[in-house]
1. When you check residue A:86 against the structure, is it in contact (Cβ under 8 Å) with a residue 12 or more places away in the chain and within 22 Å of residue B:267 (Cβ to Cβ), yes or no?
2. One residue is enough: does segment A:146-156 have a residue meeting the conditions under 26 Å from residue B:68 (Cβ atoms), buried (at least 19 other Cβ atoms within 10 Å of the Cβ) and not aliphatic (A, V, I, L, M)?
3. Please identify the pairs in which a residue from segment A:184-195 that is open to solvent by 100 Å² or more (accessible area, probe 1.4 Å) has its Cβ atom under 6 Å from the Cβ atom of a residue that is among the hydroxyl-bearing types (Ser, Thr, Tyr), counting only partners at least 6 apart or on another chain.
4. Of the conditions (1) buried (at least 22 other Cβ atoms within 10 Å of the Cβ); (2) closer than 26 Å to residue A:114 by Cα; (3) out of contact with any Asp or Glu (no Cβ under 6 Å at 6 or more places or on another chain), residue A:280 clears all except one; give me its number.
5. Which condition does residue B:87 not pass, out of (1) assigned by TED's automatic domain parsing to the domain that holds residue B:294; (2) touching a Phe, Trp or Tyr at 6+ places or on another chain (Cβ under 9 Å), if it passes all the others?
6. Do we have residue A:251 as more than 12 Å from chain B (Cβ to nearest Cβ) and surrounded by fewer than 17 Cβ atoms within 10 Å (Cβ to Cβ) here?
7. Given the conditions (1) within 16 Å of DNA strand D (Cβ to nearest atom); (2) away from chain B (no Cβ under 11 Å), and given that residue A:71 satisfies all but one, which numbered condition is not satisfied?
8. Kindly provide the set of residues from segment A:262-303 that are more than 30 Å from residue A:149 (Cβ to Cβ) and either within 14 Å of another protein chain (Cβ to nearest Cβ) or β-branched (Val, Ile, Thr) (or both), ordered by number.
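The values are calculated or read from the model by the stated rules, or taken from the named source; none is laboratory data. This structure is a prediction, so every number in the text was calculated from the model and none was measured. Cβ placement follows ideal geometry from the backbone for every residue including glycine, while neighbour counts extend to all protein chains displayed. These accessible areas exclude ligands, DNA and RNA; they are computed on the full protein's heavy atoms, side chains included. Shrake-Rupley method; radii C 1.70, N 1.55, O 1.52, S 1.80 Å.
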2 protein chains.
Amino acid sequence: MLGSHVPELRALELLVVVARTGSLSSAAAELGITQQAASSRMRTMEALVGAPLLSRTRRGSALTETGELLVQWSSRVLDAAEQLDAGLTALRQDRRGHLAVAASLTIAEYLLPGWLVALRSQQERLGQPVTEFTLTATNSERVAQMVASGEAALGFVEGPEAPEGLSHRLVGVDELVVVVGPHHPWAQRSSRRVSAATLAATPRVVREAGSGTRTVLERALRDHPPTPPVLELTSTAAVRAAVAAGAGPAALGAHAVRDDVATGRLVRISVSGLDLSRRLHAVWTGGAHPPAGPARDLVAVAVGRGR
Amino acid sequence: MLGSHVPELRALELLVVVARTGSLSSAAAELGITQQAASSRMRTMEALVGAPLLSRTRRGSALTETGELLVQWSSRVLDAAEQLDAGLTALRQDRRGHLAVAASLTIAEYLLPGWLVALRSQQERLGQPVTEFTLTATNSERVAQMVASGEAALGFVEGPEAPEGLSHRLVGVDELVVVVGPHHPWAQRSSRRVSAATLAATPRVVREAGSGTRTVLERALRDHPPTPPVLELTSTAAVRAAVAAGAGPAALGAHAVRDDVATGRLVRISVSGLDLSRRLHAVWTGGAHPPAGPARDLVAVAVGRGR
DNA sequence: GTGTGGTCACAAGGTAGCCTTGTGCCCCAT
DNA sequence: ATGGGGCACAAGGCTACCTTGTGACCACAC
């Protein structure tokens with residue numbers, strides 16, 4: 001939970017823009033507010049933080065050391081916010097006149113926003129018009145349908161193989177990892193390792209039948225007798241919460257649990273002799289290469305950042 | 001720059017808490033506001049986003065598909081905000097009764113907040129009291145002084161070697177990378193590679209003399225005749241901005257430019273035959289191991305995440 | 001059937017924060 | 001000397017948010 005001393009996004013953004021432009025006035029102009037509003041907002045933030053962030057001179061404002069640190073930390077927050085913005089914009093677009101992209105949930109949640117931001121930044125850099133996207137997030141099977149039927153011009157799917165009947169290109173690999181809550185017995189082992197047989201015999205927290213995540217694990221464990229799940233949930237977030245609370249082990253995408261593992265909310269367990277990697281493919285119809293233009297550019301961005 | 005449809009941090013936090021608790025009421029209680037305020041804040045956010053985020057039932061609220069996506073994107077924003085919070089809290093602490101940590105700028109900006117969050121999360125998990133920190137961010141030389149004089153109980157420094165006279169432990173490696181703006185001629189080469197001699201002969205954007213970043217590069221290029229810098233700036237942020245604007249190449253910490261490289265604001269250039277890695281060390285006085293308690297725990301966290 | 005607890009929505013009222021307009025001052029460059 | 005850029009202070013208005021109070025609905029227990 002967030003403390004009460006954290007400024008809101010707009011305040012952080014103001015600070016970063018001031019750092020870039022060198023003055024409150026120009027930052028205010030860039031953000032479309034008056035200089036006085038910017039000045040006031042900045043003073044509010046300084047009171048919140050409890051330290052001066054700018055050293056104001058007659059010819060602009062420079063950052064203090066504290067301001068310098070806060071700018072760096074803010075940049076990371078704002079980068080994430082920019083990805084959120086890109087994703088949201090793609091969700092919201094009117095369906096006409098835009099590139100329609102369909103993506104599996106994992107890709108839409110963890111990778112696509114970054115690709116959209118990178119592509120936009122690249123288009124701006126090269127002076128190209130910025131593409132607007134329509135995003136549909138659904139399961140891999142439905143993504144393939146949408147691309148085949150023309151509902152989407154480009155799709156991103158996950159799974160052991162690319163779907164048949166569509167052109168495709170490998171854009172990355174998402175490894176599935178097994179996680180447990182920090183209090184789980186497996187997390188107390190120094191090795192943090194179990195055998196595939198042990199995992200297969202343990203009731204797990206799983207996504208609903210048909211989800212790509214679940215399919216990959218069941219296929220990898222197909223030589224072992226199946227065990228009924230302890231809990232079946234319809235969203236990745238719910239699975240993460242249940243596992244963190246100690247419900248049992250689960251297999252989730254490495255991207256999906258990266259932050260939780262880093263902060264200790266989840267603990268990663270190695271499983272001996274189990275291949276849980278799944279491939280991420282871009283798919284489209286019509287030719288060996290994606291249609292020229294934004295679709296091809298987006299695939300190129302994804303390939304460049306997928307590794 | 002952020003669009004006008006991005007909710008503020010408090011609204012994103014509400015959504016994530018609702019996703020975890022399953023109801024608006026309990027989320028409101030956890031955040032210390034009334035149920036009505038939470039309901040209203042949520043409706044405001046739904047209007048902003050332009051789509052329903054919750055499906056409200058008589059026994060709680062579940063996420064819609066859009067809500068599910070937004071929760072994932074928000075989590076990343078909030079994780080970054082939590083690191084900002086941890087860093088800010090460490091900066092703000094009263095100087096008595098807390099663990100005093102001094103860190104070089106690079107470490108304080110890019111790594112330490114994550115360590116603080118991880119340590120706090122670990123302490124909460126194990127039921128230990130949560131340590132409060134005092135953070136001083138300065139250059140490596142001064143960090144070593146502070147630890148030697150007892151001003152700080154623990155320090156983190158960067159440089160080719162650990163300072164003499166202090167106990168130390170390697171906690172990670174930060175590679176220095178050479179970057180140019182996206183329009184720079186080097187960025188147009190398909191190889192994106194130059195020789196060390198070319199780099200040495202090119203006027204660069206540099207930090208002020210004495211900074212760890214500058215020292216590492218000059219030492220690596222010591223066999224080549226020195227070239228006066230095109231621009232000398234006192235902060236990493238200023239160097240990044242100058243390089244992005246096309247002022248010339250610069251060498252910066254890989255952590256510092258990771259986001260910029262990912263979004264295309266900066267382009268990374270390989271330099272043949274140049275070792276630009278620098279080691280990150282924890283330093284303390286008194287014994288072979290850091291003093292037991294939070295200092296030792298923090299070093300352990302840093303070692304665990306440094307690789 | 002009825003009470004109880006839990007959920008969410010609607011309405012009214014107050015407060016506080018934020019933004020704009022207007023103004024003054026200072027310094028530097030021309 | 002003068003204009004322009006930059007920041008702060010003050011006043012006023014509006015908006016957004018939060019709280020209190022209320023109602024409706026549903027599940028479950030008795």
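1. yes
2. Taking every residue of segment A:146-156 in turn, at least one turns out to be under 26 Å from residue B:68 (Cβ atoms), buried (at least 19 other Cβ atoms within 10 Å of the Cβ) and not aliphatic (A, V, I, L, M).
3. Short answer, once both residue conditions are applied: A:193/A:270.
4. With (1) buried (at least 22 other Cβ atoms within 10 Å of the Cβ); (2) closer than 26 Å to residue A:114 by Cα; (3) out of contact with any Asp or Glu (no Cβ under 6 Å at 6 or more places or on another chain) applied to residue A:280, the lone miss is (3).
5. (1) is the only condition that residue B:87 fails.
6. When the stated conditions are applied, residue A:251 does not pass them.
7. Unmet condition: (2).
8. A:262, A:263, A:264, A:265, A:266, A:267, A:268, A:269, A:271, listed by residue number.
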